[in-house]
Amino acid sequence: MTSANRELADETIPASVGELSGDPAATAAAQGAGWASWLREPHELSATGHRAASPIGQISWAVFEWARNPYVLLVTIYLFSPYFTRTVVGDPVRGQALWGLIAACGGLMVGALAPFLGAIADAGGRRKPWIGFYVVLLAGASLLMWFAKPHSTGMALFFVGALVAFANTSFEFSAVFHNSLLPTVAQPRNVAGLSGLALALTNAAGVLLITFMLVAFSLPGKVDWSFIPAHPLFGIDNTTLHEDERLAGPASAIWLLLFSLPLFLFTPDRPKGKVRLLAAAIAGVKSVVRTVRSLKHYRNVGAYLLARLFFNDGMTAVLTFGGIYASSVFNWGPIQLLIYGIELSIFAVIGGFFGGWLDNRLGSKRAIFISIGGTTIAGLVALTMAPDRILWFIPWDVHASKVWSLPFFNTWPEIIFLMIVNFTAVLITAGYANSRTMLARIAPVEKMTEFFGLYSLSGTSTTFLATGFVGWLTAVSHSQRIGLLGETLFLSIGLVLMFFVREERATSV
């Protein structure tokens, strides 16, 4: 019997003995011992050499992703961003340009400050006070999005835009400290599994909350289905006041505050560091500079990180503007957008498995060409769809009979568009997976942590480029379609640069 099996036997035998004996006291004691095992710290140290967290503490770390992620889906992609562009601004083209500017401002702040915050995290100080600080900021800004009224102008519009930029920045900064907590709470053998659990929970939480928003607030009064309430819950108005769309921010804030509690209650923090914050930040920036300079000895890895910078920015822009474009072109309201979000989240899960299959069969470089190249092509094809045409050249009569009796997604242009974006969701998720695996295949083993730090920095420090460019191009061209060609440009540049990358392991210098 292995040591792991012996530990398992030690935990399970008392429970079965108590149950078989029929002794209530023995059964209660055994159940108490079972609960205690969830709270007991393991003997094995964490990946950083500290005491690892208890099982419930580790799971609570992953649950924080369940708490955070709905903000992205409800606010930045599927519900609030289309509402902002079409209704708050009142002009889809101008709204898309402004949303790109807002996203770029938030990304610029993240890029400027992330190295300092990463240095603070690496200095070994406490993480949870910082996480709590950014959770409060994110929740506060999200709650205030309720006051984003239709057809805002002047300072009211500026206020909404500032809230979104502020919330986006707080979201990213909370991730810096939350991610840095992972190796301090999990044993080396549990790090990958715990990270995967967190990613799985993000999709599950998004689907669950989006479904609740759809059933509780958007569908009532719009469909005559027995399992849908006759009226929106809590007196929400889903007609002219757009309260179901304005609720995106507050709903994600309440979800965040509720489900982030386990992290603060059960996940242990690192002890307070001895290095002053300013000194840690300066040391961290110097470390980043040294790592960047070292790329002259690892030109292949450097070429890959440059290529990834462009196609990662392009994928970020695809996610940022997908819901905005769909709602504007097909005049989709909150019902269609929430169903759209549920559907794409499910296909995104499939994309994770597809990306792993591609990588194993073809290698990381070829997998990237398929996933990123496919995302580029699918994005271009999606731009050729409209209510009155299919693939641009095939006209469609907007007065033609509906495909089915459902009150939404009942025309062939909409159905084909959904098929295209579902395909995009699979490919873009695979692209994120393939890009991470590619670095693991080519970075020197001895410097893997250092290069993944640079990988993370390159993924956060330039996210304002593609979104800002799409916003600028939309404003200049006065066209949403032309503006979204900026996504294609960044994806294409990344693919061209990938031709200069070799899939081979670098040796440490």
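Taken together, the values in this text are just the output of simple stated rules run on the coordinates, not laboratory data. The structure presented is a predicted model; accordingly, all values stated were derived computationally and were not measured. Neighbour counts are summed over all protein chains in view; Cβ atoms, including those assigned to glycine, are modelled from backbone coordinates with ideal geometry.
Taking other Cβ within 10 Å of each residue's Cβ, how do E503, E65 sort, fewest first?
Working: E503 15, E65 23.
Placing the least packed residue first, the sequence is E503, E65.
5 Å is the cut-off here: which amide hydrogens, built 1.01 Å from N in the peptide plane, fall below it relative to R51, excluding neighbours closer than 5 in sequence?
S46
Contour minus end-to-end for L380 and D224, with contour as 0.36 nm per residue of separation and end-to-end as the Cα-Cα distance?
Working: separation 156, 0.36 × 156 = 56.16 nm, distance 3.72 nm.
Net length gain for the segment: 52.4 nm.
Bin width 5 Å, alpha-carbon pairs only: give the P(r) of the stretch 147-287 as whole percents, running from 0 to the bin holding the largest distance.
The calculated distribution, bin by bin, is 2, 7, 11, 15, 15, 14, 12, 10, 7, 5, 2, 1, 0.
Enumerate the amide H contacts of R389 below 5 Å, restricted to partners 5 or more residues apart or on another chain; note that Pro and chain-start residues carry no placed amide H.
W396
How far apart, in nm, are the 7 Å Cα→Cβ label points at F500 and I236?
A separation of 5.0 nm, rounded to one decimal place.
Please rank K286, K365, K296, fewest neighbouring Cβ atoms within 10 Å first, as an exposure proxy.
Working: K286 12, K365 19, K296 9.
Placing the least packed residue first, the sequence is K296, K286, K365.
What would the Debye equation give as log₁₀ I(q)/I(0) for the stretch 63-103 at q = 0.30, 0.35 Å⁻¹, counting only Cα atoms as equal point scatterers?
Here log10 of I(q) over I(0) equals -0.94, -1.10.
Where the convex hull is taken over the Cα atoms of the stretch 299-509, what is its projected area averaged over directions, in nm²?
Details: hull surface 51.0 nm².
Convex hull of Cα atoms, orientation-averaged projection: 12.8 nm².
If each of H297 and V476 carries a label point 7 Å out from its Cα toward its Cβ, how far apart are those two points in nm?
Distance between label points: 4.1 nm.
Extension gain E243-L278, at 0.36 nm per residue separation less the Cα-Cα distance, in nm? Spell out each step's value before the answer.
Details: separation 35, 0.36 × 35 = 12.60 nm, distance 4.40 nm.
Here the answer is 8.2 nm.
Which order, highest average first, do 234-243, 55-64, 350-359 follow once you tally other Cβ atoms within 10 Å for each residue and take the mean per peptide? Intermediate results must be reported in sequence, preceding the final value.
Details: 234-243: 13.1, 55-64: 21.5, 350-359: 18.8.
Output ranking for 234-243, 55-64, 350-359: 55-64, 350-359, 234-243.
Set the bar at 29 Å for Cα to Cα. Now go through K128/K286; K128/K296; K286/K365 and name every pair that lies beyond it.
Values: K128/K286 25 Å; K128/K296 37 Å; K286/K365 31 Å.
As for pairs spanning more than 29 Å Cα to Cα, those are K128/K296; K286/K365.
Note down, for the stretch 388-509, the three equivalent ellipsoid semi-axes (square root of 5 times each alpha carbon gyration tensor eigenvalue), biggest first, whole angstrom.
Working: eigenvalues 322, 70, 32 Å².
That gives 40, 19, 13 Å for the three semi-axes.
Take the alpha-carbon positions of the stretch 53-297, form their convex hull, and give its projected area averaged over all directions (one quarter of the hull surface) in nm². It would help to have the intermediate numbers written out before the result.
Numbers: hull surface 65.6 nm².
Computed as one quarter of the Cα hull surface, the answer is 16.4 nm².
Would you kindly state how much longer the chain becomes between T507 and D388 on full extension, computed as 0.36 nm times their sequence separation minus their alpha carbon distance, in nm to one decimal?
Using 0.36 nm per residue and subtracting the Cα-Cα distance, I get 37.2 nm.
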